[in-house]
Amino acid sequence: MSNIIPSEKRSIITFVLLAGLIGSALLFTAFIRSADDAFFLCSTASAKSRAVTAAADYSATPIQLQAIVHYATSTITPQQNIHEISISFNVLKELAPANFLVFGLGLDSLMWASLNPRGKTIFLEEDLEWFQKVTKDSPFLHAHHVRYRTQLQEADKLLRSYKTEPSCFPAKAYLRGNERCKLALTGLPDEFYDTEWDLIMLDAPKGYFAEAPGRMAAIYSAAVMARNRKKPGVTHVFLHDVNRRVEKTFAEEFLCAKYRVHAAGRLWHFAIPPVAANATIDGGDYSHCYRIRTAV
């Protein structure tokens with residue numbers, strides 16, 4: 001008996017799973033908010049009034065409804081599988097509404113935006129033709145077309161050269177205007193730099209041919225943003241395609257094995273803490289996987 005599932009059945013299964021994720025997000029948010037409201041209410045009349053308001057405030061958003069319709073009528077499935085998606089979804093359930101930065105536009109962009117209701121989700125895409133197509137089909141998405149200054153064929157050179165460039169070192173690392181460190185993402189929209197991101201999804205830029213930008217700078221910059229975080233809590237970084245050499249190598253160099261908390265399929269999940277202002281870094285000037293000593 002064949003174990004191969006026909007494409008039509010795969011599409012149905014995928015839709016059911018995605019609809020379940022989106023529906024779970026709606027129910028989870030409504031439940032938590034309603035529970036909070038009920039706890040603090042004193043009178044029955046007030047409770048009824050607040051319940052009606054809560055129901056209106058936490059009803060489905062337009063982008064969530066669009067996502068359900070989109071995946072119900074499409075035979076194309078997202079890039080990530082259900083096990084990989086579930087890792088990010090579980091974090092979003094805890095943090096949403098959150099600040100969610102996604103590298104890349106794709107077949108799953110509507111899903112990511114819908115799983116962060118009333119949060120800030122922005123997408124960065126380097127392929128102009130693809131950017132125009134996706135944003136035309138999904139005008140609800142908050143996306144920017146961006147340019148990168150690296151190529152995949154430079155990966156090994158970049159991994160060596162950053163160790164001699166002080167502006168790349170963790171103690172001095174910054175992104176906006178950092179032209180000396182080629183791994184720093186520069187020239188991006190202001191909101192990229194001005195927002196403290198709670199979640200960062202690295203599923204782009206392209207990294208499968210020599211002239212492609214590769215994800216070297218995106219990985220490095222995610223690490224810098226996470227360690228420069230001022231708000232409480234960690235930054236959750238999700239890296240896809242870790243089966244590829246460059247993604248795996250740069251993740252180990254900058255995101256660090258000690259911060260990896262989950263893995264599924266081709267996806268790694270890191271929870272990276274900020275570096276305190278009074279911390280002392282051990283492990284060499286250039287090491288991003290250092291040992292931190294905090295002054296008492």
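The values are calculated or read from the model by the stated rules, or taken from the named source; none is laboratory data. From a predicted model like this one, the values you see are computed outputs, not experimental measurements. Using ideal geometry, Cβ is built from the backbone for each residue, glycine included, and neighbour counts are taken over all protein chains shown.
When the test is whether a residue is surrounded by fewer than 20 Cβ atoms within 10 Å (Cβ to Cβ) and in contact (Cβ under 8 Å) with a residue 40 or more places away in the chain, E196 passes it. Scanning the stretch 113-129 for residues that are crowded, with 24+ Cβ neighbours inside 10 Å and either assigned to a helix (DSSP H, G or I) or of a type in the set (V, I, T) (or both) returns A113, S114, T121. Within the stretch 237-250, residues that are closer than 18 Å to H83 by Cβ and free of Cβ contacts under 8 Å to residues at least 24 places away in the same chain reach partners that are surrounded by fewer than 23 Cβ atoms within 10 Å (Cβ to Cβ) and of a type outside the set (K, R) with beta carbons closer than 9 Å, at six or more positions or on different chains, in the pairs N243/G265. From the list K136, K182, K93, the lone residue that is under 26 Å from A212 (Cβ atoms) and assigned to a helix (DSSP H, G or I) is K136. Can you pull out every residue in the stretch 210-220 that is of a type in the set (A, V, I, L, M, F, W, C), touching a residue at least 40 places away in the same chain (Cβ under 8 Å) and closer than 14 Å to F103 by Cβ? Selection gives A212, M216, A217, A218. Taking the criterion of being modelled with pLDDT of 95 or more, among the small types (G, A, S) and part of a loop (DSSP other than H, G, I, E, B), would at least one residue in the stretch 144-166 satisfy it? For the stretch 144-166, residues modelled with pLDDT of 95 or more, among the small types (G, A, S) and part of a loop (DSSP other than H, G, I, E, B): absent. Suppose the filter is farther than 20 Å from I272 by Cα, within 16 Å of the chain's Cα centre (by Cα) and at pLDDT 95 or above; does G119 pass it? Criteria met by G119. Any residue in the stretch 48-70 that is among the polar types (S, T, N, Q), within 30 Å of V234 (Cβ to Cβ), at pLDDT 95 or above and touching a helix residue (DSSP H, G or I) at 6+ places or on another chain (Cβ under 6 Å)? Checked against the condition, which is being among the polar types (S, T, N, Q), within 30 Å of V234 (Cβ to Cβ), at pLDDT 95 or above and touching a helix residue (DSSP H, G or I) at 6+ places or on another chain (Cβ under 6 Å), the stretch 48-70 yields no hits at all. In the condition set (1) surrounded by fewer than 24 Cβ atoms within 10 Å (Cβ to Cβ); (2) among the hydrophobic types (A, V, I, L, M, F, W, C); (3) closer than 23 Å to A96 by Cα, A223 is compliant with all but (1).
Any residue that is within 17 Å of T186 (Cα to Cα), touching a strand residue (DSSP E or B) at 6+ places or on another chain (Cβ under 7 Å) and in contact (Cβ under 8 Å) with a residue 12 or more places away in the chain - is there at least one of those in the stretch 125-135? Yes, that holds for at least one residue.
With respect to A263, determine if the residue is surrounded by fewer than 20 Cβ atoms within 10 Å (Cβ to Cβ), part of a strand (DSSP E or B) and in contact with a Ser or Thr (Cβ under 8 Å, 6 or more places away or on another chain). No, not satisfied.
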